[in-house]
Amino acid sequence: MGKKGKKEKKLKGAEKTAAKMEKKVSKRSKREEEDLEALIAEFQSLDAKKTQVLETACPPPSPRLNASLCAHPEKDELILFGGEFFNGKKTFLYNELFFYNIKKNIWVKAEIPNPPPRRCAQQAVVVPQGGGQMWIFGGEFASPEGEQFYHYKDLWVLHLGTRTWEQIKAPGAPSGRSGHRMVLSKRQLLVFGGFHESARDYIYYNDIHAFNLDTFTWSRLQPTGTGPCPRSACQMTPTPDGNGVIIYGGYSKTRAKKDQEKWTWTRVNPSGVKPPPRSGFSLAVGPGGRALLFGGVCDEEDEESLEGDFFNDLYFYDINKNRWFPAQLKGSKSEKKKRRRGKKEEQTNETEGEKEEPQGPTEIIKEVMAEDGTVMTIKEVIPATQAEEDSEEEEEDEDGEEEEAAAMAPLVEPCPRSSAMATVKHSKLYLYGGMFEVGDRQFTLSDLYSLDLHKMDQWDVLVEMDPKTQEWLEESESEDEEAKGGDEEEDGEEEEDSEEESEEDHPPVKAGEALADYQTRTEKYWLGLARANMGPDAKEKKVQKVGHAMAKVFFEDQE
């Protein structure tokens, strides 16, 4: 009896301990949420001081992720709202509102009284009624340290004609969340999925809610059939007839279709060339019932590290044919002619019997140096199918000129990235910002591209990536800065001296030496420097790329 009694006491003690811990976690979670609400209220008090609409021309928006990018329903404008930026130590949230004039290539910042609180990962939908409206639901707010999160469940509308914000308070709204998706289906806003993160849990959703734009009421839909499993960051696009939506991907990588009339879930299996698994891809709806998927990242995890492979490919999903196919750029005629001329000159010394072997995928390496000297190495892969398709078209050309263009230089295109913002206006795809990683460092972009979806010839660069906008604070660096205090100027001089000394310590370039010879001769040194900058957890393949890039940058600086 004694032993049994002790066991029972131990079990009861364990249960009490677990209950106490749960209570403590619950209190801490509630306290953290209250702290964030207080911080949000503080920001709102600052916004409340704005009493007039002020619109001013401005430079392009600062780098950010998870903002909303929409096409104005009536004007040749794009609308950018909210987003976040992380500099390695601190998280910044925005509720800024920008308008981009497509024809004039001008950005305008609009300060409108009583805007929604700062947030990221919200969903936005534009409708043409009332001079144009932009509806926003949900999203999240993060503490500056990025350790606490508050998920919104509020609904806002921006009246584009009158430049006024309005919060719509209606019962029955979905719970607070981010990573969800929202689309317009006839006269309803449909909200699906998402997630909620707190100190206690991390919950994914697969519920679907509808907000009626005529009655301003929420309702939770209960479709029959087996629906998608809970997920966030999926692709959700309305069918061309407006009677349903297509849901693709997300974290569970399944596909489903919902019929609005019967409210039933149906599993569909698209044909064609499907995109490889990824998350963080961008999505938009193009002309002719085609949904677009751009970029994203696929994480490769092993026991020691987590590395992400970033994409910059573009896929179309034909909703009517239920088929995936990759998009291939054709290149402009003027560029093809230039490259053909260059190719002809190269071939003048070749014998008639020589023939080029079929080419496989071509890997292009680009290096961009940030203001602080960090080298960003960007990898792009030109698929073999592009060269093959080009060669088929070239055979039809009587003079064989198109055949020579098969080996033309790669087209200008956005670098690989995830979480870019995408929208379509007048059959043009607009792609803004996003992020990619080099080692432990995250680069947040603010460049803007457009692509004519009818011509599919080339990406146009509207705003270039500016390395000077990149900022990344390592924990040790920020602590050292705080410890320095009033000795900043003196330390700054010492740092400059040390930089000059370290630059002199780099292996010098010999007179007349080629880049390849220099890289081979000094490879050990540059790989060691890259490893020291990237840390012991970085993969050897990436260390080699960064090391070669650093050697190249130094070599070119010495020329």
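In this rough spin-label picture, where each label sits 7 Å from Cα along the Cβ direction, the C229-A327 distance is 3.0 nm. Count Lys and Arg as plus one, Asp and Glu as minus one, and take only other residues whose Cβ is under 11 Å from that of Y432; the net charge is then +1. Scalar couplings 3J(HN,Hα) for segment 145-157, obtained by applying the Karplus form with A = 6.51, B = -1.76, C = 1.60 to θ = phi - 60°, are 7, x, 9, 10, 9, 10, 9, 7, 9, 8, 10, 10, 9 Hz; x denotes Gly and Pro. For the pair V553 and V127, what calculated FRET efficiency results from E = 1/(1 + (r/R0)^6), where r is the Cβ-Cβ distance and R0 = 51 Å, to the nearest 0.05? According to the calculation, E is roughly 0.55. With the simple spin-label model, which puts each label point 7 Å out from Cα in the Cβ direction, the N105 to A532 separation comes to 4.2 nm. Computed from backbone phi with θ = phi - 60° and the Karplus coefficients 6.51, -1.76 and 1.60, the 3J(HN,Hα) list for segment 106-115 is 10, 9, 10, 9, 10, 9, 10, x, 6, x Hz; x is used for glycine and proline. Give, as a single signed number, the net charge of other residues whose beta carbon lies under 13 Å from the beta carbon of S419, with Lys and Arg counted +1 and Asp and Glu -1. Taking every other residue near S419 into account, the sum is +1.
Checking the cross-link pairs K104/K542; K425/K539; K103/K321; K49/K153; K321/K539 against a 30 Å limit on the alpha carbon distance flags K104/K542; K425/K539; K103/K321; K321/K539 as lying beyond it.
Per residue, segment 515-557 exposes an accessible area of 55 Å² to a 1.4 Å probe, with every protein chain left in place. Hey, with R₀ at 25 Å, roughly what FRET efficiency would N320 and L184 work out to, going by the Cβ-Cβ distance, to 0.05? The computed FRET efficiency comes out at 0.85.
Computed extension gain for D457 through E523, at 0.36 nm per residue and net of the alpha carbon distance, reaches 19.9 nm. In this rough spin-label picture, where each label sits 7 Å from Cα along the Cβ direction, the D505-H159 distance is 6.5 nm. Local charge for Q544 was computed over the other residues whose Cβ lies under 11 Å away, with Lys and Arg +1 and Asp and Glu -1, and equals +3. Near V438, the amide H atoms lying under 5 Å from its own belong to F443; only residues 5 or more places off or on other chains count, and H is placed 1.01 Å from N.
Amide H contacts for L221 (H built 1.01 Å from N in the peptide plane; partners 5 or more residues away or on another chain; cut-off under 5 Å): I208, H209, A210.
3J(HN,Hα) along segment 214-227, derived from phi through the Karplus expression 6.51 cos²θ - 1.76 cosθ + 1.60 where θ = phi - 60°, amounts to 8, 9, 6, 10, 8, 8, 8, 8, 10, x, 7, x, 8, x Hz, with x in place of Gly and Pro.
The values are calculated or read from the model by the stated rules, or taken from the named source; none is laboratory data. What you see is a predicted model; the values in this text were computed from it and never measured. Using ideal geometry, Cβ is built from the backbone for each residue, glycine included, and neighbour counts are taken over all protein chains shown. Note: areas computed on protein heavy atoms with side chains; ligands, DNA, RNA excluded. Shrake-Rupley method; radii C 1.70, N 1.55, O 1.52, S 1.80 Å.
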